[in-house]
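Structure, as structure tokens:
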Amino acid sequence: MEQCKVKILWIDDDIKRLKLRPYLEEFEENGIEIIKVSNPIDLDSVIASNKDIKCIILDISMPTGEKIDVNKSKKGMRTGLLLLQELISNNDLNQIKKVIYF
């Protein structure tokens, strides 16, 4: 029987930047599946289709897209914090660890 992979949801508009590659590779080399989201608008559908996520890693500074008010996010500088508030307020996600970074 195949062992179930641990899944991490990584939300960053620059998920493909070279600076992140070593971290992504380290996780994947250790059997952790990284689900990458680069646009906040996709977040709800990704979470809905991946109920077994163990951790969410979230960049603070991202474009707002259509989901977040640009003024509330201070022109994208707080987009991740607003998304974090949304994630925390969702009772279905209480058991998922959340990590933020710049």
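What follows draws every value from the coordinates through simple rules; no lab data is involved. Computed from a prediction, not measured in an experiment: that's the story for all the values here. No Cβ is skipped: glycine too gets one built from the backbone with ideal geometry, and neighbour counts run over all protein chains shown.
Data table
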item: Too-long pairs where the Cα-Cα distance tops 20 Å, listed order kept, from 16/67; 5/51; 5/36; 7/98; 16/74; result: 16/67; 16/74
item: Cα-based radius of gyration of the chain once divided by 2.2 N^0.38 Å, which approximates compact folds; result: 1.08
item: Between 0 and 90°, nearest 10: helix 79-89 axis offset from the chain longest Cα axis; result: 70 degrees
item: Region 49-60 - phi-based ³J(HN,Hα) in whole Hz, Karplus 6.51/-1.76/1.60, Gly and Pro as x; result: 9, 9, 6, 9, 5, 9, 8, 10, 9, 9, 6, 7
item: Region 1-97 - percent relative contact order, Cα under 8 Å, separation 6 or more; result: 28 percent
item: Long-range amide H partners of residue 35 with built H, under 5 Å; result: 8, 9, 10
item: Backbone N under 20 Å from the residue 50 label point (7 Å along Cα→Cβ), restricted to region 74-101; result: 79-101
